[in-house]
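One structure is given below, encoded as structure tokens.
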Amino acid sequence: MLSKRDRLYQAAEALQALRCPVCGGDMTRAGDDFACGRGHRVNVNRRGCLNFLSQPVEGCYDAALFQARRRVFAAGCYRTVADAVEQLLSPGPQSLLDAGCGDGWYLNELLTRHPDWQGAGVDISRDAILQATDQLCTALWCVGDLRRLPFRDGAFTAVLDILTPASYEEFRRVLRPGGRLIKVYPGSGYLRELRAARNMPPYAEGQVEDYLREKAQVLSEIRVTRTLPVTPALWRDFVWMTPLNQDLTADGKEQLALRPSDTVTVDLHVAAVTLNARD
Ligand SMILES: C[S@@+](CC[C@H](N)C(=O)[O-])C[C@H]1O[C@@H](n2cnc3c(N)ncnc32)[C@H](O)[C@@H]1O
Ligand SMILES: [Zn+2]
């Protein structure tokens, strides 16, 4: 079996997508690392990822959140969302960029279903990417900022932006002409049991959609709405996996975990769009 580093080299070779963050030149393999023609280098981490951030970004997304997310994904709670994403991609082999990929579950799922597809995942959280590299697919995992993507113009057939902030200019730049953005954003029922347990009103729809419609033409959309039965253990994982609860201390999260609902609702819009030409 290939090592994590070898899988990264293989993915980089297949995609030919890396761009120097300093000068914008193409980056190719140089010994163990990658370098551009001007000699700017990016190291390949022993755990099979590239780091494009000059310093780590502290955020609310820590290792505990991604570990809980992994268990929720493993329980199959988001499989129908992956199905919808797959259905909305254009026909034929894909080179995918998962922007703000978190622990990379969606990209791994799609590349496992389609071994002839290529993919890269980028996230600003190192904890997230280190979990992503644990998965078995061959993908180019990068710690980086989706507002300054380390990829060439037109490198991807599709960009996935799943519950993550968007950078439409950058997405347009790295998409091939005619490429699709698959945008996943919450519907009003999303995690309603968790919101209710915290006396939060349902998620207010509108803002993301209005902005998306300003920037893009919506080709097609699937609404995934499922109310799932959950065990107390899975409820606890939902409590820990959502950024909704990141204002709570660990104790606060455990208190919430002790008041389980027996269902959790996943209600998401999955939209395939083409981005408007730059205005
Ligand atoms: C709610 S999580 C969603 C993760 C993943 N797409 C999923 O659905 O499981 C949002 C993700 O966006 C990432 N993120 C936020 N701002 C980012 C940025 N500027 N560049 C790259 N990733 C970012 C976070 O680190 C986090 O992993
Ligand atoms: Zn360079």
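Every residue, every condition in (1) closer than 28 Å to LEU244 by Cα; (2) charged (D, E, K, R); (3) within 16 Å of ligand 2 (Cβ to nearest atom); (4) modelled with pLDDT of 95 or more, yes or no:
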position: GLN10; (1), (2), (3), (4): no, no, no, yes
position: CYS20; (1), (2), (3), (4): no, no, yes, yes
position: CYS36; (1), (2), (3), (4): no, no, yes, yes
position: ALA74; (1), (2), (3), (4): yes, no, no, yes
position: ALA82; (1), (2), (3), (4): yes, no, no, yes
position: VAL85; (1), (2), (3), (4): yes, no, no, yes
Confirm whether LEU163 is at pLDDT 95 or above and touching a strand residue (DSSP E or B) at 6+ places or on another chain (Cβ under 8 Å).
yes
Considering region 17-44, residues that are closer than 18 Å to ASP98 by Cβ and not basic (Lys, Arg), and then whichever is surrounded by the most Cβ atoms within 10 Å (Cβ to Cβ), we arrive at LEU18
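Just to verify a result, which residue in region 255-279, among those that are hydroxyl-bearing (Ser, Thr, Tyr) and assigned to a strand (DSSP E or B), is surrounded by the most Cβ atoms within 10 Å (Cβ to Cβ)?
Quick first cut of region 255-279, residues hydroxyl-bearing (Ser, Thr, Tyr) only: 261, 263, 265, 274.
Checking the rest, the ones that are also assigned to a strand (DSSP E or B) come to 263, 265, 274.
Numbers: THR263: 13, THR265: 19, THR274: 16.
Only one residue tops the list, namely THR265.
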Can you run down the residue pairs with Cβ atoms below 9 Å, 6 or more apart or on separate chains, where the first is in region 14-43 and away from ligand 1 (no atom under 16 Å from the Cβ) and among the small types (Gly, Ala, Ser) and the partner is open to solvent by 80 Å² or more (accessible area, probe 1.4 Å) and not in a loop (DSSP other than H, G, I, E, B)?
ALA30/ARG41; ALA35/ARG29; ALA35/ARG41; GLY37/ASP26
Considering only region 140-192, how many residues are under 28 Å from LYS253 (Cβ atoms), more than 14 Å from ligand 1 (Cβ to nearest atom) and open to solvent by less than 20 Å² (accessible area, probe 1.4 Å)?
2
Residue under evaluation THR133, criteria (1) open to solvent by 10 Å² or more (accessible area, probe 1.4 Å); (2) over 22 Å from SER167 (Cα atoms), criterion not met:
(1)
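The values are calculated or read from the model by the stated rules, or taken from the named source; none is laboratory data. What you are looking at is a predicted structure, and each value in this text was computed from that prediction instead of being measured. Heads up, the Cβs are rebuilt from the backbone with ideal geometry, glycines too, and the neighbour counts pull from every protein chain shown. The area values use the complete protein model at the heavy-atom level, side chains included, leaving out ligands, DNA and RNA. Shrake-Rupley method; radii C 1.70, N 1.55, O 1.52, S 1.80 Å.
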